[in-house]
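Colleague: Mind having a look at this structure? Questions to follow.
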Amino acid sequence: MPDLHSIPLIYPEGVYSVVDFSGDADSDNAICFDYDAHYQMLTYDIPVRKDWREMTLYNVPEDDLIRTLRAVYGKDGTLQKITAVLKGHETLLYIRYENEKHAKAEIRRFAIQNANAIIDQILQCTDIVARLFIEYYCDSDNMDYHAVIGTANQMEAVRQKGHYEDSCDYAGNYPSENIEGDNRMLITMIRCAEGHPCENFRYAVEIMSKHIEKHALSALHKTEDFRYICAEYD
């Protein structure tokens, strides 16, 4: 594989690709990449104020990474973001926030955008819906947020099995597939922000869940005993 050069934190204003950098960047002032071709795994550390956080991306095609990686520098020469188009999808590898207020605003903006993408998928369901679940998970490094639809027919099947009293209120008992937005983007935006990642994640979860409740529920065909259930799983 061609050299995956480090990305300096300070560089002249502009947009650069991998080949625009040399291999002699100061590792204390650059984002250094480690790529495992066998597992298609990319690991690197990102600066968050005075600290560094390790990032890991899986299923990263080598050719996509080398061809499409872009580093964007602002007028003051600071690295603003790093992106790559992986499997046809623009992927955020790093974003710089000016301060905590900026980070909150950007996370909120994306959370609403992400919720809208999930809502669009939810509203494709034309069946009568008995349950709409939101499930989420965070352990600082890994995060997940998705919706699950439980139709009236599916809930009746769950009820007939009757394994326990509240069987109908657990998403895992329904065969529907998870409905997701862009979890990879969400993870990167949150882990690049100052503060504890799980606290920032819960901030995004609250925004997304309330937005979905406000804009999706009224448009669904629902049973009389419909429930909207948001829960963290482990």
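Colleague: I need every pair where a residue in the range 32-50 that is in a loop (DSSP other than H, G, I, E, B) has its Cβ under 8 Å from the Cβ of a residue that is acidic (D, E) and surrounded by fewer than 16 Cβ atoms within 10 Å (Cβ to Cβ), sequence separation at least 6 or different chains.
Modeller: A37/E62; Q40/E62; R49/E194
Colleague: Which one is nearest to E232 (Cα to Cα) among residues in the range 174-205 that are open to solvent by 30 Å² or more (accessible area, probe 1.4 Å) and among the charged types (D, E, K, R)?
Modeller: Only one residue tops the list, namely R202.
Colleague: Within the set of pairs 6 or more residues apart or between chains, which connect a residue that is open to solvent by 20 Å² or more (accessible area, probe 1.4 Å) inside the range 64-82 to a residue that is of a type outside the set (S, T, N, Q) and at pLDDT below 95 with Cβ atoms less than 6 Å apart?
Modeller: I66/P2; I66/V18
Colleague: Here is a follow-up. Which numbered condition trips up E106, out of (1) closer than 30 Å to A219 by Cα; (2) open to solvent by 70 Å² or more (accessible area, probe 1.4 Å); (3) among the acidic types (D, E)?
Modeller: (2)
Colleague: A further question on this structure: Starting from the range 195-224, take each residue that is without any contact (Cβ under 8 Å) to a residue 40 or more places away in the chain and list its partners that are assigned to a helix (DSSP H, G or I) and open to solvent by less than 20 Å² (accessible area, probe 1.4 Å), counting only C-beta distances under 9 angstrom and pairs at least six apart or across chains.
Modeller: Hits for this filter: E206/A111; K210/A115.
Colleague: Further question: Could you say whether any residue in the range 156-168 is open to solvent by 40 Å² or more (accessible area, probe 1.4 Å), closer than 30 Å to V85 by Cα and in contact with a helix residue (DSSP H, G or I) (Cβ under 9 Å, 6 or more places away or on another chain)?
Modeller: Keep residues of the range 156-168 that are open to solvent by 40 Å² or more (accessible area, probe 1.4 Å), which gives 156-157, 159-166.
Filter once more, so that each one left must be closer than 30 Å to V85 by Cα: none.
Scanning the range 156-168 turns up no residue that is open to solvent by 40 Å² or more (accessible area, probe 1.4 Å), closer than 30 Å to V85 by Cα and in contact with a helix residue (DSSP H, G or I) (Cβ under 9 Å, 6 or more places away or on another chain).
Colleague: Considering every residue within the range 62-78, establish whether at least one is under 17 Å from the mean Cα position of the chain (by Cα) and assigned to a strand (DSSP E or B). Quick ask: steps written out before the conclusion?
Modeller: Within the range 62-78, the subset under 17 Å from the mean Cα position of the chain (by Cα) is none.
No, every residue in the range 62-78 fails to be under 17 Å from the mean Cα position of the chain (by Cα) and assigned to a strand (DSSP E or B).
Colleague: Mind listing just one residue for me: the one in the range 117-153 that is hydrophobic (A, V, I, L, M, F, W, C) and without any contact (Cβ under 8 Å) to a residue 60 or more places away in the chain and, of those, farthest from E224 (Cα to Cα)? Talk me through it step by step, then tell me what you get.
Modeller: Keep residues of the range 117-153 that are hydrophobic (A, V, I, L, M, F, W, C), which gives 117-119, 122-123, 125, 128-130, 132-134, 138, 143, 147-149, 152.
Adding the requirement that they be without any contact (Cβ under 8 Å) to a residue 60 or more places away in the chain leaves 143, 148-149.
Numbers: M143: 33, V148: 19, I149: 16 Å.
Among those residues, the one meeting the criterion is M143.
The values are calculated or read from the model by the stated rules, or taken from the named source; none is laboratory data. Here the structure is a predicted model, which means the values were calculated and not measured. Every residue, glycine among them, receives a Cβ derived from its backbone with ideal geometry; neighbour counts consider all protein chains shown. Heads up: the accessible areas ignore ligands, DNA and RNA and are worked out on the full protein's heavy atoms, side chains in. Shrake-Rupley method; radii C 1.70, N 1.55, O 1.52, S 1.80 Å.
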